[in-house]
Amino acid sequence: MKEIHIIGGGLAGLSLGIFLRKRDIPVRLTEAANYPRHRVCGEFISGIEERQLKELGIDDQFGDAKLCYATAWYDEKGKFLQADLPHPAIGISRHLLDSRLAESFQQLGGQLESGTRAKVENEASEDRLQIVATGRARQKEGGWLGLKCHLSGFELESDLEMHMSDGGYLGLSSIEYGKVNACGLFKLNKELKVSRESAMEVYLESCGLGSLLKRIQRSDRDDDSCIAVNAFEFGVQPSPDSSRQFCIGDRFSVIGPFTGHGMTLALESSLISGKWIEKYAAGLLNRDQTISGASREMRETFRRRLLMSSALHPFLTTRTGRKFFAGMARSGFLPFRALLRMLR
Ligand SMILES: Cc1cc2nc3c(=O)[nH]c(=O)nc-3n(C[C@H](O)[C@H](O)[C@H](O)COP(=O)(O)OP(=O)(O)OC[C@H]3O[C@@H](n4cnc5c(N)ncnc54)[C@H](O)[C@@H]3O)c2cc1C
């Protein structure tokens, strides 16, 4: 059997590695960081099915996760929406989940090289299949800043609170061991001077979310978990040559974080790719057939959700859109559950 080389040990790379090892396919995975490590992520997994987790072989990794059943949405006038989720979402930190998956991958005989940055190859070679699971493509100028930190002792009013403002939004949700993850997306403001620890406070204040900031300040912040990311955009990601590079997860496409669905897309992309790679490893498909087949299936499977996410994004991030969204919700005309279904 041919060895598969995965670059990037986030959710997409690790879950694919486990899927392939469960089928005895030799896998080497190179990850730039060391585990455990924090990621900018809402840590709210919504829309993944139990059967998909089972098929990937990772359904036993969510033991300490917090199940989230309800959500509440706020703007500057207060709460405008309270709703039950059609299916419970999974709240678990990437700090815990990714390191567990890395351990499971190694226990299954996968070869893990952490703390090593790999070079993505552009040269096609029939003997080697390299999977690029390196996350969002770095853009020269991205207009967004993603921020996150973990809090202890924060009293949530719902399993997931979403706070909207003109400058961006912040989600707060339950994760393992009674902790709360605060994660948001803000319009990048280069005039604001911030440090890693102060960034969220500065942005919340500048967006008019001062009362939420006061609630956050009453809780204990884990300073090690404060991280930021920028220079990225949403949608299908630019690839130097998609017929030569086999991209999965966020490296293939990025969905709006408000959907709580990016990790689900990452896991689904591993499942789709894993089935094509199985045939490649068995010699039934060549490299080009494998890459083009998997990429086509991912594009078709994700198209509707990516389109819906791009169409809804302005409703949450522009003043007019947000007023319309909140107004519809306040008057009881927002088809919230139907919108959620279209994003799944
Ligand atoms: C603000 C924000 C909030 C979000 N909230 C949610 C949410 O609530 N729910 C949800 O489902 N999704 C959310 N997402 C999206 C989610 O985080 C991503 O969809 C998910 O992390 C994608 O997983 P991945 O494995 O493709 O990429 P990543 O998790 O980004 O992993 C990529 C890995 O590749 C490694 N790497 C990169 N380059 C190299 C290299 N050259 N060599 C070796 N290793 C390399 C990196 O170190 C990293 O570990 C959010 C995203 C943002 C920005």
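When residues in the range 177-192 are screened for being touching a helix residue (DSSP H, G or I) at 6+ places or on another chain (Cβ under 8 Å) and without any contact (Cβ under 8 Å) to a residue 60 or more places away in the chain, 5 of them pass. Only one of the numbered conditions (1) open to solvent by less than 20 Å² (accessible area, probe 1.4 Å); (2) within 20 Å of S269 (Cα to Cα); (3) within 13 Å of the ligand (Cβ to nearest atom) is violated by T71, and that is (2). If you go through the range 313-343 and keep only what is closer than 21 Å to G260 by Cα and not in a helix (DSSP H, G or I), you end up with T318, L334, P335, L343. Listed by position, the strands (runs of 3 or more DSSP E) inside the range 62-148 whose residues that are out of contact with any strand residue (DSSP E or B) (no Cβ under 7 Å at 6 or more places or on another chain) and free of Cβ contacts under 8 Å to residues at least 12 places away in the same chain number at least 1 are 78-91. Selection of first residues in the range 247-274 that are without any contact (Cβ under 8 Å) to a residue 40 or more places away in the chain and of second residues that are more than 8 Å from the ligand (Cβ to nearest atom), restricted to Cβ pairs under 8 Å at least 6 apart or on distinct chains, gives the following pairs, ordered by first then second residue: I272/A294; I272/E297; I272/M298; I272/T301.
Taken over the range 39-57, the criterion of being assigned to a loop (DSSP other than H, G, I, E, B) and either away from the ligand (no atom under 13 Å from the Cβ) or open to solvent by 40 Å² or more (accessible area, probe 1.4 Å) (or both) is satisfied by R39, E49, G57. Can you find even one residue in the range 214-230 that is more than 13 Å from the ligand (Cβ to nearest atom), on the phi > 0 side of the Ramachandran plot and surrounded by fewer than 19 Cβ atoms within 10 Å (Cβ to Cβ)? There is no residue in the range 214-230 that is more than 13 Å from the ligand (Cβ to nearest atom), on the phi > 0 side of the Ramachandran plot and surrounded by fewer than 19 Cβ atoms within 10 Å (Cβ to Cβ).
Taking the criterion of being over 17 Å from K79 (Cβ atoms), open to solvent by less than 70 Å² (accessible area, probe 1.4 Å) and of a type in the set (K, R), the only residue of the range 296-343 that qualifies is R305. Considering each residue of the range 281-296 in turn, none proves to be modelled with pLDDT under 90 and in contact with a strand residue (DSSP E or B) (Cβ under 9 Å, 6 or more places away or on another chain). Of the residues making up the range 97-115, those that are under 16 Å from V27 (Cα atoms) and surrounded by fewer than 18 Cβ atoms within 10 Å (Cβ to Cβ) are E103, Q106, Q107, L108, G109, Q111, E113, S114. Taking the numbered list (1) over 21 Å from G10 (Cβ atoms); (2) basic (K, R); (3) open to solvent by less than 30 Å² (accessible area, probe 1.4 Å) in turn, K140 passes all entries but (3). Of the candidates E268, E233, E278, the single residue that is closer than 14 Å to T301 by Cα and either more than 7 Å from the ligand (Cβ to nearest atom) or in contact with a helix residue (DSSP H, G or I) (Cβ under 8 Å, 6 or more places away or on another chain) (or both) is E268.
Could you go through the range 205-212 and let me know if any residue there is within 24 Å of the chain's Cα centre (by Cα), under 12 Å from L147 (Cβ atoms), in a strand (DSSP E or B) and not acidic (D, E). Looking through the range 205-212, none of the residues is within 24 Å of the chain's Cα centre (by Cα), under 12 Å from L147 (Cβ atoms), in a strand (DSSP E or B) and not acidic (D, E). T290 fulfils the conditions (1) surrounded by fewer than 22 Cβ atoms within 10 Å (Cβ to Cβ); (2) within 11 Å of the ligand (Cβ to nearest atom); (3) among the hydroxyl-bearing types (S, T, Y) except for a single criterion, (2).
The values are calculated or read from the model by the stated rules, or taken from the named source; none is laboratory data. Every value quoted in this text rests on a predicted model; they were computed, and no experiment measured them. Virtual Cβ from ideal backbone geometry, glycine too; neighbours counted across all protein chains shown. In case anyone asks, the SASA skips ligands and DNA or RNA and just uses the protein heavy atoms, side chains included. Shrake-Rupley method; radii C 1.70, N 1.55, O 1.52, S 1.80 Å.
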